[in-house]
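Enquirer: Got a structure for you, questions after.
The values are calculated or read from the model by the stated rules, or taken from the named source; none is laboratory data. On a predicted model such as this, the values are computed, not experimentally measured, just so you know. Cβ coordinates were reconstructed from backbone atoms using ideal geometry, including for glycine residues, and neighbour counts include every protein chain displayed.
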Amino acid sequence: MAISVARLDETTRPGLERLLVSAWEANWDGELGRALVRWRYDEKPPGGDTWLAFDGAQCVALLDTFVRPYLFDGTPLRVRETCDWFCLPRYRPLGVGISLMRRAMDCPEPLFLSGGSVATLALVPRLRWTRVPEVQKWVLPLRIRSLMGTVIRMRWPGNEQWTRAIPGSVPLRRPRRALPPAGDARVSRWRPGLPPPLPTPHRRGLVQLLSPEDLAWFAAMPTKFAQPLGLVFTLDGENLGFSLSQLEPAVSGFDACILHLQLARDDQALADWVVTETVARLAARGAGIIRCCASSEVKVAALRKAGFFVRKPHLSHWWSKQGLPPPVQIDAGYLRADDSLPFPALRERYHGARGGSLLAAPA
């Protein structure tokens, strides 16, 4: 068979849409499907690439990438992040998916991978990616129904509706609050369309940054998918912190994810204040369970103090065609690629719906 590779454009878009039904395990209706594809691929921040592999007219594999800003030991650096790496099973032994990854590896930007499927984590060492410090996953259950819903969704998909027998208001624990640093401490909500006041971190290693383009992209996501919340933290008029989170509709209520914590300095009191205030705001909006990823010392300590429980880590890997040495320290969270997108909760909400075409007309 003759496999061809092409970038995403208007001519290859129909093939991508058909493949996404399998890649996303889509069971939701056509209207939401169209909105998700448009937001995820057409409206995403510029710089990344989407490669598609075709067997004739059939799209059989895809690899998408984001290019995002980081700091590397204080120096600005553009880093490429891989995601949506998927290949139909019958084409995997032919190395079709690997051929797409090699195209990303040939790009000038270094590549950073945090987490991934079992197959992905088995393949990247064979491609000579370097293991770097891991990013730890954390979870804070606040309501019994949300905790049970998450467990059932992970272990017994299709049965989360049974959690509706549990009253949604029954608390499991109450959010802890940390005192803000001394001074005139204020928290305000960032509104889409306003310039984002993003502080510049000052720490060594590979530090993930939130760009204004990414912030605007998250603010435009379909509301049936998730609802963003940006918080600005100022002390004596100086912007010292920003948190970006999202509320995710689920069968059992609302889940939440803290996507990104950007701090101007490594100060434990500042980190404690930003984390606990973000948790309190999410809980006030109905979040029954909150996820977060972190790897820096002050953020990990802040999550512990806020009551988060540690989960398995996201193993992390690095590749640089230009020979840039791998970082010895990582400060990253759920912002990488599309790790934060809540597809499991969405699939559970539409469990039993008629699938077949991501863009089919709603029933």
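Enquirer: Output the number of the condition that Ala287 fails; it satisfies all remaining conditions of (1) surrounded by fewer than 24 Cβ atoms within 10 Å (Cβ to Cβ); (2) over 26 Å from Pro69 (Cα atoms).
Expert: That leaves (1) as the condition not met.
Enquirer: Let me ask another. Residues that are part of a loop (DSSP other than H, G, I, E, B), closer than 30 Å to Leu36 by Cβ and touching a helix residue (DSSP H, G or I) at 6+ places or on another chain (Cβ under 6 Å): does region 222-238 have at least one?
Expert: yes
Enquirer: Considering only region 207-221, state which residues are among the charged types (D, E, K, R) and touching a helix residue (DSSP H, G or I) at 6+ places or on another chain (Cβ under 9 Å).
Expert: Passing the criteria: none in range.
Enquirer: Ok, one more. Cβ-Cβ distance below 6 Å, separation of 6 or more or different chains: which pairs start in region 150-164 with a residue that is farther than 11 Å from Ala345 by Cβ and end on one that is small (Gly, Ala, Ser) and not in a helix (DSSP H, G or I)?
Expert: Once the first residue is farther than 11 Å from Ala345 by Cβ and sits in region 150-164, its partners that are small (Gly, Ala, Ser) and not in a helix (DSSP H, G or I) give Thr163/Ser252.
Enquirer: For Arg265, which of the numbered conditions (1) of a type outside the set (S, T, N, Q); (2) assigned to a strand (DSSP E or B); (3) modelled with pLDDT under 95 fails to hold?
Expert: (2)
Enquirer: Glu213 fails exactly one of the following numbered conditions: (1) assigned to a loop (DSSP other than H, G, I, E, B); (2) of a type outside the set (Ser, Thr, Tyr); (3) within 21 Å of Val67 (Cα to Cα). What is the number of that condition?
Expert: With respect to (1) assigned to a loop (DSSP other than H, G, I, E, B); (2) of a type outside the set (Ser, Thr, Tyr); (3) within 21 Å of Val67 (Cα to Cα), Glu213 is out only on (1).
Enquirer: Follow-up. Hey, does region 211-231 have a residue that's within 18 Å of Val300 (Cα to Cα) and either under 16 Å from the mean Cα position of the chain (by Cα) or loosely packed, with under 15 Cβ neighbours inside 10 Å (or both)?
Expert: Among the residues of region 211-231, not one is within 18 Å of Val300 (Cα to Cα) and either under 16 Å from the mean Cα position of the chain (by Cα) or loosely packed, with under 15 Cβ neighbours inside 10 Å (or both), which makes the answer no.
Enquirer: Could you look through region 114-145, keep only residues that are part of a helix (DSSP H, G or I) and more than 20 Å from the chain's Cα centre (by Cα), and pick out the one that is farthest from Gly253 (Cα to Cα)?
Expert: Selected residue: Leu123.
Enquirer: Among what's in region 13-63 and is β-branched (Val, Ile, Thr) and assigned to a helix (DSSP H, G or I), pick the residue that is surrounded by the most Cβ atoms within 10 Å (Cβ to Cβ). Break it down stepwise before answering.
Expert: Within region 13-63, the subset β-branched (Val, Ile, Thr) is 21, 37, 50, 60.
Applying the additional criterion that residues be assigned to a helix (DSSP H, G or I) yields 21, 37.
On the way: Val21: 17, Val37: 19.
Checked region 13-63; the qualifying residue surrounded by the most Cβ atoms within 10 Å (Cβ to Cβ) is Val37.
Residues checked against (1) surrounded by 17 or more Cβ atoms within 10 Å (Cβ to Cβ); (2) over 22 Å from Ser117 (Cα atoms); (3) without any contact (Cβ under 8 Å) to a residue 40 or more places away in the chain; (4) in contact with a His (Cβ under 7 Å, 6 or more places away or on another chain):
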{"position": "Asp272", "(1), (2), (3), (4)": "yes, yes, no, no"}
{"position": "Ser295", "(1), (2), (3), (4)": "yes, no, no, no"}
{"position": "Pro313", "(1), (2), (3), (4)": "no, no, no, no"}
{"position": "Asp338", "(1), (2), (3), (4)": "no, no, no, no"}
{"position": "His351", "(1), (2), (3), (4)": "no, yes, no, no"}
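Enquirer: In region 100-110, how many are in contact (Cβ under 8 Å) with a residue 60 or more places away in the chain and either crowded, with 17+ Cβ neighbours inside 10 Å or in contact with a strand residue (DSSP E or B) (Cβ under 7 Å, 6 or more places away or on another chain) (or both)?
Expert: 5
Enquirer: So, one more: State the number of residues belonging to region 75-94 that are in contact with a Pro (Cβ under 9 Å, 6 or more places away or on another chain) and in contact (Cβ under 8 Å) with a residue 12 or more places away in the chain.
Expert: The number of residues fulfilling the criteria is 4.
Enquirer: Can you find even one residue in region 178-196 that is surrounded by 17 or more Cβ atoms within 10 Å (Cβ to Cβ), under 30 Å from Leu324 (Cβ atoms) and either of a type outside the set (S, T, N, Q) or touching a residue at least 40 places away in the same chain (Cβ under 8 Å) (or both)?
Expert: Yes, region 178-196 contains a residue that is surrounded by 17 or more Cβ atoms within 10 Å (Cβ to Cβ), under 30 Å from Leu324 (Cβ atoms) and either of a type outside the set (S, T, N, Q) or touching a residue at least 40 places away in the same chain (Cβ under 8 Å) (or both).
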